[in-house]
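In what follows, a structure is listed as structure tokens, so that the remarks can point back to it.
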Amino acid sequence: MSTIAHDEPAVVIIGSGAGGGTLAYELTARHIPVVLLEAGPHLTHDDYTNDEWDAFGQMAWTDMRTDNGSWRVARDFPNLPAWTVKAVGGTTTHWAGATPRFKPHEFKARTAYGRVDGANLLDWPIDASEMAPWYDKAEIAMGSTHRHGRKPLPANNNYKVLANGAERLGYKYYATGPYATNAEEYDGRPASVQDGFNFQGDKNGSKWSTLVREIPRACATGLLDLRPNCHAVQITHDAQGRADGVLYLDENGAMHRQRARLVSVAGNAIESARLLLLSESPMFPDGLANSSGQVGRNYMRHLTGSQYAQFDEPVHMYRGETMAGIVADESKHDTSRGFVGGYYLETVSLGPAFLAKFLDPGAWGRNFTSFMEQYANTAALWIVGEDMPQECNRVTLSPSATDQHGLPAPNVYYDDHANDTAMREHAYRRTAQLYQAVGAKRTYATTPYPSTHNLGTVRMSERPEDGVVNQWGRAHDVPNLFVSDGSVFTTSAAANPTLTIVALAIRQADYIADQMAAGEI
Amino acid sequence: MPPTEYSADALGENVTRRLARALRAVFPHDNVPDGPYERSAEAILSSVSASPHQTAVIVEGLRGLDGLTGGDLTAVTADELSAVLLQIERTEFFQIMLTNTVVTLYSDQEVWDALGYEGFSSDKGGYVSRGFDDLDWLPEPRVEEYDGEPLTDYVPSIPGGTQPSFETKKTGAAR
């Protein structure tokens, strides 16, 4: 750890998750000192608990938020649009671990899908061949199973049901990964003990997160000034419109200003957009870097849903790595199914506490309890697919709600696109068939949970009028402002986003280091 | 007699037991003993204790259920009481019971035991030696990826149509 003076113009990164934590490590490894602001506390594996609600209270971002739109989350969880983490390591401390790559056509959704009514589709300004070496680096850093010599995880019970159902349905592309948790010791971290707790923080340290890998390594360089419990509230700029500082509140509520020569925003898609909007100024009255009007828009949260299935025999789905089971057969683009884009099926498990809350929010009575009583005989999968970017789906500043600091709370508006609905219905039908093929007596299609994948609110575009940042995550309007998280996703693809966020951050670090060395920043 | 003061003290001795009975009608599990329902009832009473309004909602709600069940809500079966609750699903009284209990009841160790959930595992070394893979009523599946032909990721919408290029065009304004 190092201490960087507040009046020293530093590289300041806001957020320590997949994007910010990775960027901090990659820059310090290139001898560039970094101030890393993290809104949450520095929890470690000893702090974590296996109690779902206690863990939620400890880790989740529960600052005031509001949501609306036609998605069901707005009805059931009007103050919880997203389930993400507020702690050092960010949402990598509770992610499940699946690491599929984007497919080539998913970087070019506008070209691949054509015009889709109501969708604000755009091609990414980068492509799969350009990303391939960065994906390699990310997979090696994260220890993805099935890649670069990493062993696959063994089949747990929930996977056995998924894989057998997939096989009987005629699917071929199933496996226990790629998944960024160690099947055997790797990179100084132990093999998984199959304890079944991922969303509650990994007490064993087998799962990749920036908390266990990038941040300690950045600290070890002596060039990282990590500041937990420090909540950024505004990025300031000079008379030339270049970012020159970050205002943040410490844990006592005192405001500080860190001078900056470069600012990276990586607060997850809701907070990143909110921070740019909060950073409005006379020069940037619509929010910082928002000449396109796209800041906060095109919010994507993936097409999601779950299928629960109950059998005559026990499953014990909660034992073992939660998401170490992936079926890719439906991840293709094939419009004969009635929609563009595709989706993955991945094993998932909730304990009784979260299952009761999220299975069918508001449900009660015998129909509900009879389902809960078959808990031990239950298998489950999660559906994750590409959702359409829509301009109306957006993060704005609430005109009335405020957070604990008195700052305008973010409001998240989301409508399902017709393509999202068609894909979800297809997935519900296919997944019920999958489980029935191995003898399911009862299936239960579950509505989307609050968003765990939050994307697109500060999107990448070739042209400044179409988006907020360029192919390096560099703001079109502010040359020393970067965005380093899933906010930059031009489109969502079907893949779980963490691998791509990490790959983009490694690539971005390389670019920033080169630009700084060349005196361009 | 209804209370004249709506403080926690005025709730009376039976309120936990009566509320627990109503909670069993919300989430009826025949194999769950009274303990978890009573603990959930106590949690609700504790959470409303700071609000005279919500305390009154609970007291009056229980009194109303008595009225709808012939005088004593504890004298009817859980299913009979469930049928009565269907009529009041939208009331604040019911919503307080529902939203609190779904959290507390299903976080209760005794309920976990009844459902066959094993709870904390990290302190027991996980399940790596305790049955994470003990399912034996299906064949052992492959864990490696399929080694045949790769998945066709992109199917052109016109049968036999050509696939567009997904490379970034090198012309244009990219900087």
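The values are calculated or read from the model by the stated rules, or taken from the named source; none is laboratory data. Predicted, not measured: the structure shown is a model, and the values here were computed from it. A quick note on method: Cβ atoms are made from the backbone with ideal geometry, for glycine too, and the neighbour counts reach across all protein chains shown. We work out accessible area using only protein heavy atoms, side chains counted, and drop any ligands, DNA or RNA first. Shrake-Rupley method; radii C 1.70, N 1.55, O 1.52, S 1.80 Å.
Of note:
- When we screen A:V315, A:V384 for residues that are surrounded by 24 or more Cβ atoms within 10 Å (Cβ to Cβ), at negative phi and within 7 Å of another protein chain (Cβ to nearest Cβ), the only hit is A:V315.
- Condition met for A:P41 (assigned to a loop (DSSP other than H, G, I, E, B) and under 21 Å from A:L359 (Cα atoms)): no
- Number of the exception - A:P152 against (1) more than 20 Å from A:N496 (Cα to Cα); (2) within 8 Å of another protein chain (Cβ to nearest Cβ): (1)
- The one condition in (1) among the charged types (D, E, K, R); (2) more than 14 Å from chain B (Cβ to nearest Cβ); (3) assigned to a helix (DSSP H, G or I) that A:D63 fails to fulfil: (3)
- The residues of the range A:181-218 that are away from chain B (no Cβ under 14 Å), hydrophobic (A, V, I, L, M, F, W, C) and open to solvent by less than 30 Å² (accessible area, probe 1.4 Å), listed by number, are A:W208, A:L211, A:I215, A:A218.
- Residues of the range B:81-107 satisfying the condition of being more than 7 Å from every other protein chain (Cβ to nearest Cβ) and open to solvent by 20 Å² or more (accessible area, probe 1.4 Å): B:A83, B:L86, B:Q87, B:I88, B:E89, B:R90, B:T91, B:E92, B:Q95, B:T99, B:N100, B:T104
- Counted residues, the range A:359-394 - those being without any contact (Cβ under 8 Å) to a residue 24 or more places away in the chain, among the charged types (D, E, K, R) and within 26 Å of A:L345 (Cβ to Cβ): 1
- Test: residue in the range A:507-519 that is surrounded by fewer than 24 Cβ atoms within 10 Å (Cβ to Cβ), at pLDDT below 95 and not aromatic (F, W, Y): yes
- Set side by side, the residues A:P178, A:P125 differ, and just one is within 8 Å of chain B (Cβ to nearest Cβ) and open to solvent by less than 20 Å² (accessible area, probe 1.4 Å), which is A:P125.
- Filter result for A:H302 (of a type outside the set (K, R), open to solvent by 10 Å² or more (accessible area, probe 1.4 Å) and on the phi > 0 side of the Ramachandran plot): no
- Of the residues examined, A:A422 is one that is open to solvent by 30 Å² or more (accessible area, probe 1.4 Å), outside any loop (DSSP other than H, G, I, E, B), of a type outside the set (D, E, K, R) and under 22 Å from A:H302 (Cα atoms).
- Scanning the range A:231-269 for residues that are among the aliphatic types (A, V, I, L, M) and over 19 Å from A:N470 (Cβ atoms) returns A:A232, A:V233, A:A239, A:V246, A:L247, A:L249, A:A254, A:M255, A:A260.
- Residue within the range A:274-296 that is over 21 Å from A:V412 (Cα atoms) and outside any loop (DSSP other than H, G, I, E, B) present: no
- Lone unmet requirement of (1) open to solvent by 30 Å² or more (accessible area, probe 1.4 Å); (2) facing chain A (nearest Cβ under 7 Å); (3) not hydrophobic (A, V, I, L, M, F, W, C) for B:G126: (1)
- Filtered residues of the range A:329-368 (kept if outside any loop (DSSP other than H, G, I, E, B), more than 9 Å from chain B (Cβ to nearest Cβ), of a type outside the set (D, E, K, R) and over 22 Å from the mean Cα position of the chain (by Cα)): A:N367
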